[in-house]
Amino acid sequence: MHRLKLLPIPRWLSDLQWRTSLLLVPPLSLLLLLLFLFSFPSFPPQLSFPSFSPSSSTIPAANSAPLNRSRIAVCLVGGARRFELTGPSIIRGLLRVYPTADLFLHSPLDENSYKFVILNRSPRIASVRIFKPAFINETEPALRVLTARNSPNGIQGLLQYFNLVEGCLTLIKSHQSRHNFTYDWIIRTRVDGYWNARLSRDNFIRGTYVVPPGSTYGGLNDRFGIGDLQTSTVALSRLSLIPLLDSSGYRQLNSETAFRAQLTTNKIPYVTPRLPFCIVSDRRYEFPPSRFGVPVAAMSSKGPLSGTKCRPCKPVCRGQCVEDVMSSLEKGWSWTNWENGTLELCDAHEEWEKGWEEVFDKAAGEKLAKVRRKVKGLGLDGCVREFGELSRKADSWDAPKGEEICRMGLLVEQKG
């Protein structure tokens, strides 16, 4: 066999090939990059960086598309006592952030129900039910599972609250059935919740229920929740799951411990990120609070407040004072996050202070202050007209006539 003898390459030719190769590398690299990009059109065309504004979502835009295509229901429950303060913030922080979401309102009729005219500013309204409360039968399982301890209205109060929550789920199921589709997500929040920032897209996690931290009272904070349809159905079935809790051996639970038992019994995982809302309350609480007392945040607090009780006030406790108070509270009870100057406290042992309107207006801003003033100056004719618009906007309406609702509230206001 003959071996092929290679001739030596002259040095000048070797140098020329090396230089030529270097010249070819950049265009070849560019060509390969272009071929790669055009072969995968599903990649995002550009990188998007999150905004760090406190009122913005911190999720990159590339992750937003699936949620934008999702069907979202917003379940709003409770009485309208201070809705002239909380309602505009819910529209700003939830409903306009997710403008394709459908609103479901489930609320007991009272003298404050006329304030729901604010919801005319909502992008979409699916269903409204304003009902006259009736006694709920206190069954044997309910009496075993629940406790009246620390409940302002005893076990009946718990059942009424559970009925509000589950009633909203009933409205959602009915709407799904009528229109032959299912929701991807359900946001459940309270009428008395004040939002000082937007709800982030970070909080939509499939297969996991999202609730706020703090204010756990031995269980889980039940003042807000987000989940997909499956996890939300379990979380919102507050009445229906009492027999299951009973058969599982649970006894003497408050609302928060019953809520945690619902999720754990049904093997629903949960997470507790901080959330930018508080519960506006007229109740009086001792100050400074004892170990199992209730701290009341100033609505001007930077937050996020994660559903702690709040009111408009000039704070009496900041900085080291807040650290001293919060460090003395039982962490598994009424405690909430307070670090880095996010929380300022009111002295809530008396009724709301004189001039609270100006305090609120300054904290909330002129747009929300304008709505508060408009509701305060609302007349009967204007109220009835706005309720008519609200009923026409809703896909389903189950409530007394607007004139009855308006007269009930505005006559009380006039007497006051």
Filter result (surrounded by fewer than 18 Cβ atoms within 10 Å (Cβ to Cβ), among the aliphatic types (A, V, I, L, M) and within 29 Å of PRO312 (Cα to Cα)) within segment 240-292:
none
Options LEU368, LEU345; residue that is of a type in the set (A, V, I, L, M, F, W, C), in contact with a Cys (Cβ under 6 Å, 6 or more places away or on another chain) and not assigned by TED's automatic domain parsing to the domain that holds ARG82
LEU345
Scan segment 287-304 and tell me whether some residue there is among the aliphatic types (A, V, I, L, M), in contact with a helix residue (DSSP H, G or I) (Cβ under 9 Å, 6 or more places away or on another chain) and assigned to a loop (DSSP other than H, G, I, E, B).
yes
Would you check if VAL371 is touching a helix residue (DSSP H, G or I) at 6+ places or on another chain (Cβ under 8 Å), among the β-branched types (Val, Ile, Thr), buried (at least 18 other Cβ atoms within 10 Å of the Cβ) and at pLDDT 95 or above?
yes
Failed item, numbered, when ILE405 is tested on (1) part of a loop (DSSP other than H, G, I, E, B); (2) assigned by TED's automatic domain parsing to the domain that holds GLU256; (3) crowded, with 17+ Cβ neighbours inside 10 Å
(1)
Quick check on my filter: what residues within segment 335-376 are touching a strand residue (DSSP E or B) at 6+ places or on another chain (Cβ under 9 Å) and of a type in the set (A, V, I, L, M)?
LEU343, LEU345, ALA348, VAL359, ALA363, ALA364
Contact list please: Cβ distance under 6 Å, first residue in segment 158-178 and assigned by TED's automatic domain parsing to the domain that holds PHE259, second residue modelled with pLDDT under 95 and outside any helix (DSSP H, G or I), pairs at least six apart or on different chains.
LEU158/SER151
Looking only at residues in segment 186-203 that are of a type in the set (D, E, K, R) and in a strand (DSSP E or B), which one is farthest from THR100 (Cα to Cα)?
ARG190
Pairs, first more than 18 Å from TRP195 (Cβ to Cβ) and β-branched (Val, Ile, Thr) in segment 303-330, second at pLDDT 95 or above and part of a strand (DSSP E or B), C-beta under 8 Å, six or more apart
VAL316/LEU345; VAL322/LEU345; VAL325/CYS317; VAL325/LEU345
Can you pull out every residue in segment 337-347 that is buried (at least 21 other Cβ atoms within 10 Å of the Cβ) and more than 18 Å from PRO312 (Cβ to Cβ)?
TRP338
Are there any pairs with C-beta distances below 7 angstrom linking a residue in segment 126-145 that is in contact (Cβ under 8 Å) with a residue 12 or more places away in the chain to a residue that is of a type in the set (Lys, Arg) and in a loop (DSSP other than H, G, I, E, B), with the two at least 6 apart or on different chains, and if so which?
ARG144/ARG251; VAL145/ARG251
Selected residue (criterion: farthest from ARG274 (Cα to Cα)) from residues of segment 305-325 that are outside any loop (DSSP other than H, G, I, E, B), in contact with a strand residue (DSSP E or B) (Cβ under 7 Å, 6 or more places away or on another chain) and not hydrophobic (A, V, I, L, M, F, W, C):
ARG311
Flagged pairs (Cβ under 6 angstrom, 6 or more apart or on separate chains; first in segment 260-285, without any contact (Cβ under 8 Å) to a residue 40 or more places away in the chain; second surrounded by 22 or more Cβ atoms within 10 Å (Cβ to Cβ)) are GLN262/LEU241
Please go through segment 266-286 and pick out each residue that is part of a loop (DSSP other than H, G, I, E, B) and either more than 19 Å from ARG190 (Cα to Cα) or touching a helix residue (DSSP H, G or I) at 6+ places or on another chain (Cβ under 9 Å) (or both).
ASN266, LYS267, ILE268, PRO269, PRO273, LEU275, PRO276, ARG284, TYR285, GLU286
Candidate set: segment 95-121, residues that are surrounded by 22 or more Cβ atoms within 10 Å (Cβ to Cβ) and closer than 21 Å to LYS173 by Cα; chosen: the one nearest to the chain's Cα centre (by Cα)
LEU95
Can you tell me which residue within segment 339-390, out of those that are in contact (Cβ under 8 Å) with a residue 40 or more places away in the chain and of a type in the set (Val, Ile, Thr), is farthest from ALA297 (Cα to Cα)?
VAL375
I'd like to know if segment 211-230 contains one or more residues that are of a type in the set (Ser, Thr, Tyr) and over 18 Å from ASN337 (Cα atoms).
no
Just to check your reading of the model, which residue among GLY225, GLY214 is buried (at least 18 other Cβ atoms within 10 Å of the Cβ) and over 18 Å from GLU166 (Cβ atoms)?
GLY214
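The values are calculated or read from the model by the stated rules, or taken from the named source; none is laboratory data. Because the structure is a prediction, the values reported are computed rather than measured. Note that each Cβ is placed from the backbone with ideal geometry, even for glycine, and that neighbours are counted across all protein chains shown.
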